[in-house]
Amino acid sequence: MELHGIGIDLIETERIADSIARFGERFLNRVFTEREQAYCRPNKHANRHYAARFAAKEAVAKAFGTGIGADADWTDIEILRRPNGEPEVHLHGAAAAYAAHQGIRTVLISLTHADAYAAAQALALR
């Protein structure tokens, strides 16, 4: 496989918590898929999980060399978990079309989060 791009993002968890408190379902539905919300919502520290997924979506867009909105909407990039807990990227809509056009076959993602910050790194591979 050949590297198409690498992306990284860091976000304050409080920023996501504030957006959820201020805009509620409107924010959640604009940024996160139903499956992402179903995973994050019941967690004790849900804001950390939402923030990690937000960072992951940004990291994937950076690895693509585009940005959110240019060649992918927020919900076109979905961050789920495999049964073993490993995060994985699912592409839909414009993001899937962009990846196919660029020959991107795999997107690897790594997430981390703590009280104040969440971060993600993505590799887009051809």
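Okay, here's what the table says:
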item: Of 83, 56, 109, farthest towards positive along the dipole that unit charges on Lys, Arg, Asp, Glu beta carbons give the chain; result: 83
item: The chain: angle of helix 46-64 to the longest principal axis, Cα-based, in degrees nearest 10; result: 20
item: Projected area, mean over directions - the range 1-67, Cα convex hull, nm²; result: 5.2
item: Under-5 Å amide H pairs with residue 117, H placed in peptide plane, nonlocal only; result: 13
item: Other-chain or far-sequence residues with amide H under 5 Å of residue 88's (modelled H); result: 80, 81, 82
item: The chain: angle of helix 93-102 to the longest principal axis, Cα-based, in degrees nearest 10; result: 30
item: Whole-Hz ³J(HN,Hα) from phi, Karplus 6.51 cos²θ - 1.76 cosθ + 1.60, for the range 22-37, glycine and proline x; result: 7, 10, x, 4, 4, 5, 4, 6, 6, 9, 10, 6, 4, 5, 5, 5
item: Spin-label model distance (nm) - residue 84 vs residue 26, 7 Å beyond Cα toward Cβ; result: 4.3
item: The range 14-126 - percent relative contact order, Cα under 8 Å, separation 6 or more; result: 27
item: Computed log₁₀ I(q)/I(0) - Debye formula, equal Cα scatterers, no solvent, the chain, q 0.13, 0.23 Å⁻¹; result: -0.47, -1.41
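A short reminder: the numbers here are calculations on the coordinates, not readings from a lab. This structure is a prediction, so every number in the text was calculated from the model and none was measured. Neighbour counts are summed over all protein chains in view; Cβ atoms, including those assigned to glycine, are modelled from backbone coordinates with ideal geometry.
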